[in-house]
1. How many of the residues making up the stretch 19-49 are within 30 Å of Asp65 (Cβ to Cβ) and modelled with pLDDT of 95 or more?
2. Can you tell me which residues in the stretch 37-75 are under 30 Å from Met6 (Cβ atoms), loosely packed, with under 11 Cβ neighbours inside 10 Å and not β-branched (Val, Ile, Thr)?
3. Quick one: count up the residues across the stretch 3-58 that are under 19 Å from Gln79 (Cβ atoms), in contact with a Phe, Trp or Tyr (Cβ under 9 Å, 6 or more places away or on another chain) and part of a helix (DSSP H, G or I).
4. Looking at the stretch 57-77, which of its residues are in contact with a helix residue (DSSP H, G or I) (Cβ under 7 Å, 6 or more places away or on another chain) and either β-branched (Val, Ile, Thr) or at pLDDT 95 or above (or both)?
Amino acid sequence: MVYDPMNPLTDEELDKLGKEDFDTFLEYLDSKSAHLRKNTKPLDEHHIKKFSAMDAQSRGESIDDTLIQKAKKIAKDNQ
């Protein structure tokens with residue numbers, strides 16, 4: 001089953017599909033994620049560092065050089 005952006009399945013239909021035919025359910029989710037990835041691009045270094053710092057702060061962790069270096073490596077891998 002292929003995802004149709006003009007006629008997506010409802011939550012109830014997804015639950016029913018998942019219970020009846022799990023392979024078709026996974027195929028549907030894969031096609032939906034492929035459709036959603038078409039119009040996205042990776043985050044740049046600034047935003048990765050910003051969101052990493054916000055995440056660390058919300059978890060009560062310190063923002064240090066290792067966190068910044070990890071964010072820079074992720075940004076480099078995205079390019």
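The values are calculated or read from the model by the stated rules, or taken from the named source; none is laboratory data. Just so it is clear, the structure is predicted and the values come from calculations on it, not from any experiment. Counting neighbours? That spans all protein chains shown, and the Cβs are built from the backbone with ideal geometry, glycine included.
1. 0
2. Narrowing the stretch 37-75 to residues under 30 Å from Met6 (Cβ atoms): 37-43.
Okay, now just the ones that are also loosely packed, with under 11 Cβ neighbours inside 10 Å, so 37-41.
Listed by number, the residues that qualify are Arg37, Lys38, Asn39, Lys41.
3. Qualifying residue count, the stretch 3-58: 0.
4. Within the stretch 57-77, Ile63, Ile68, Ile74 meet the criteria.
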